[in-house]
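See below for the structure under consideration.
Read the figures in this text as sums done on the coordinates, not as results from a lab. The shown structure was predicted, so the numbers you read here are calculated from the model rather than taken from an experiment. Note that each Cβ is placed from the backbone with ideal geometry, even for glycine, and that neighbours are counted across all protein chains shown.
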Amino acid sequence: MKKHIGIVGCSFEGAALCYRTICLEAEALMGKHAHPEVTMHTISLAEYVGPITDGNWESVASLMLRSSQALHRAGAEFLICPDNTIHEALPYVLPHSPLPWLHIAEEVGKEAKRHGFGHVGLTGTKFLVRGPVYPEKLDALGIRYSRPTETQQDRINLIIFDELVRGKQTPASLLYFQQVIQEFKSHECDAVVLGCTEIPLLVNDMNSSLPTLDSTRILARAALHRSLD
């Protein structure tokens, strides 16, 4: 029996990319037009932004729990969230969640380990890059990490919230990411984590000077394999 996947959405672009990846890549494993049952529940990003900005992770967790309960009622058997930043609230979610979760940073870390990457650069919202979500998981796997400068973090944060979550990708923003990634390379990083689920809509292996760890698609593939186990 294939397990029913529940997607806790936050920003619609990231959630859509995750859903699309599951359905597209399932066909190679399951047959023509086939994919597991998938249900997605998305509360407006506007409801998340205030608590995230304030660092109120318990309030973020309450929103995630609303989605997890809705997905449980819909029949989902496990949950994923294609939003890196709000994983900081997961410790408040897990004790009350009706369903188990996959952790996006843990799946990215395992993928980095499989490829032999020992030092990665982190990109994402300023809240993610300054927070514990990736350090905790990467430290546990013995993987070093570098952060962008604070100025770079602020600029990337603006690109994410003013452009990427609204479906906008510009050459100027791609160039900025490329410059940040090149700096990671000069600091001996051997890969870059695309740690915001919209960044893969702008940056990929073809236009990056380092191999990319696409958190959105890595999580989607992990969910697909969990569903088929």
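Helix 171-186 axis versus longest C-alpha principal axis of the chain: approximately 70°, rounded to the nearest ten. What the phi angles of segment 94-105 give under the Karplus curve with 6.51, -1.76 and 1.60, with θ = phi - 60°, is a coupling list of 4, x, 10, 6, x, 9, x, 10, 8, 9, 4, 5 Hz, glycine and proline written as x.
Take every Cα pair under 8 Å whose residues are at least 6 apart in sequence, average their separation, divide by the length of the chain, and the relative contact order is 25 percent. Helix 150-162 versus the longest principal axis of the chain: what is the Cα-based angle in degrees, 0 to 90, to the nearest 10? So the helix axis and the longest Cα principal axis differ by about 40 degrees.
Placing unit charges on each Cβ (+1 for Lys and Arg, -1 for Asp and Glu) gives segment 24-76 a dipole about its Cα centre, and among ALA34, SER68, LEU24 the Cα reaching farthest toward its positive end belongs to ALA34.
Just to check, using Stokes-Einstein with a Kirkwood Rh over alpha carbon pairs, what's the diffusion coefficient of segment 178-229 at 10 °C and 1.306 mPa s in µm²/s? Before the final figure, lay out each step's value.
Details: Rh = 11.8 Å.
Rounded, D is 134 µm²/s.
For segment 204-209, the Karplus equation 6.51 cos²θ - 1.76 cosθ + 1.60, evaluated at θ = phi - 60°, returns couplings of 8, 4, 6, 10, 10, 7 Hz by residue, with Gly and Pro reported as x. Where does helix 45-54 land angle-wise versus the long Cα axis of the chain, in degrees 0 to 90, nearest 10? Here the helix axis deviates by roughly 60 degrees.
The Cα-based radius of gyration of segment 1-137, divided by its Kirkwood radius, gives an Rg/Rh of 0.97. Only the Cβ atoms of Lys and Arg (+1) and of Asp and Glu (-1) were treated as charged; on that basis the dipole of the chain about its Cα centre amounts to roughly 400 debye.
Structure note, pairs LYS3/LYS32; LYS137/LYS185; LYS2/LYS168; LYS137/LYS168; LYS2/LYS113; LYS2/LYS32: Cα-Cα distances above 24 angstrom occur for LYS2/LYS168; LYS137/LYS168; LYS2/LYS113. Over segment 152-191, the fraction of Cα-Cα pairs per 10 Å bin, rounded to whole percents and listed from the shortest bin up, is 30, 47, 21, 1. Relative to the compact-globule estimate of 2.2 N^0.38 Å, the Cα radius of gyration of the chain comes out at 0.96. Over 15 Å, how big is the tail of the calculated P(r) for segment 90-180, in percent of all Cα pairs? When all Cα pairs of segment 90-180 are counted, 66 percent exceed 15 Å.
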